[in-house]
1. Over region 57-340, what is the relative contact order in whole percent, taking alpha-carbon pairs under 8 Å and six or more residues apart?
2. How far is it, in nm, from the label point at Q23 to the one at A273 when both lie 7 Å from their Cα along the line to the Cβ?
3. Based on DSSP, what percent of beta bridges with both residues in region 11-131 are antiparallel, to the nearest 5?
4. Which trypsin sites (Lys or Arg not before Pro) in region 1-102 sit in a loop by DSSP (not H, G, I, E or B) and have at most 14 other Cβ atoms within 10 Å of their own Cβ?
5. Under a plain spin-label model, where a point goes 7 Å from the Cα along Cα-to-Cβ, how far apart in nm are R97 and S111?
6. Taking the chain, how much of its Cα-Cα pair set, in percent, is spaced more than 42 angstrom apart?
7. What Cys residues in the chain are without a partner cysteine, judged by a Cβ distance under 4.7 Å?
8. What are the ³J(HN,Hα) values, in whole Hz, obtained from phi via the Karplus relation 6.51 cos²θ - 1.76 cosθ + 1.60 with θ = phi - 60°, for each residue of region 188-203 in sequence order, with x given for Gly and Pro?
Amino acid sequence: MIGLEYDSDVVLNGRFYYQGKFQDLSVSVSQGIITRIGKFLKAERIVHLPHAVLPASTDTHVHFRDPGETDKEDFRSGTTSAIYGGTTTVFDMPNNRVPVTDYEAFESKLSAISGKAYADFGLYSLFTGSNKDLLDKRTSGLKIFMGGSTNAAAIGDLDMVATDFLRNYENPVVFHAEDASCLSAHSMEEHDCRDHNMARPIECEQKAIEKAVSFRLKKGVIAHLSFPYDIQTNYLFEVTPHHLLLNDESVNDQWGKVNPPLRDRGTQEKLLALFLAGKFSLLTSDHAPHSYENKEDFEHAASGIIGVETRIPLMLSLVKRKILSMDLFLKTACSNPAALFGLRKGMLQVGYSADFMCVDFSSEKPIDQDRLHSKVTVTPFNGYSAIFPSDVVMRGETVLEKYELIEDHLGRFISNDRK
Ligand SMILES: [Zn+2]
């Protein structure tokens, strides 16, 4: 009975980043979960992982536009992009063409995207202020728009019932923090990214953040912080590669139009400095694709930048150049985002999902947007240095091999009902 000797489905051998350094290790995996970490572990099936092996990433803020706007993206193209970018888990925002505000919309979204995802995924619902009894139990968290954005009207003043409900809500509540009345007071004709920055100034963002923080939620998250802001709060802050690395001088055209806007160079550099000092918990893409028609001219262009595929590669380039520490990268891109949703992912640890990315740090090269996997791949990061993972492993199985997606492994829906 040879099987008795082996308790794992597969052993992954490789040079893993573990306890602060790279080490040659064997990692046993059973049913997708890490069961042992050691040296020379045995199994019937042994897979050698190339290059440097890191935990795979979770992106807690993407807009895959499915259903409703699948000309911009769908769950297949979105999760393909995620895997190519070292991300095995995504949380998708609810501002679909039909916003996900109740269980019917949730169910129809889930059935529309079923069988399409290569990455694991959770789904947010949109909180309107009056739909607390209509939210699907499987929802991962709530999204609140303090100012209007694509397919989402701004939330009005919240009444006591809504505020009480949110205060007792156990899952993440993510705020798009731009104050609606402040935005309309500054509204103007816009021709470039500087105009967009003036039309949606920092004061509108700050005002909305302070209001969101004043709700004193258990798990409040401020999405895509665009300026250096140090405020005493238990809320977590997301930052995106575009606010960290781009500004309204480095990008000028409509493909850099995003909410909140790219700020001026000085603001961007200070935001980056705070991030590198470890002030923010979550690195997300806010992947927000649009069609060419939506981006025809600046004034009428929809706001949003793609990023689910380039988020990790851009950061790995900063890690290689020792601008960003490996430990801070792993926290903000891998372990913190998973922990926010109580997922055992994003760490090399027994009991955690065997999700990894293999990184050849000598493979740094400029991003070629024509090689990305979104439906519309125009990005202001075209030409920026990046390091794409060569291989990606999900639950112990290789899903990207030598820079090619293996299409026979599907992601799973992460239902919040599992608890
Ligand atoms: Zn967003």
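Values in this text are rule-based calculations from the coordinates and carry no lab data. All of these numbers come straight from a predicted model, not from anything done at the bench. Note that each Cβ is placed from the backbone with ideal geometry, even for glycine, and that neighbours are counted across all protein chains shown.
1. In percent, rounded to a whole number, it is 19.
2. Between Q23 and A273, the label points sit 3.7 nm apart.
3. Counting DSSP beta bridges with both partners in region 11-131, the antiparallel share is about 50 percent.
4. K39, K42, R45, R97
5. 1.7
6. Values: 8976 of 87571 pairs.
Tail fraction, whole percent: 10.
7. Cysteines of the chain left without a disulfide-compatible partner: C193, C334, C358.
8. These are the phi-based 3J(HN,Hα) values: 7, 6, 10, 10, 7, 5, 5, 4, 5, 5, 6, 6, 10, x, 4, 4 Hz.
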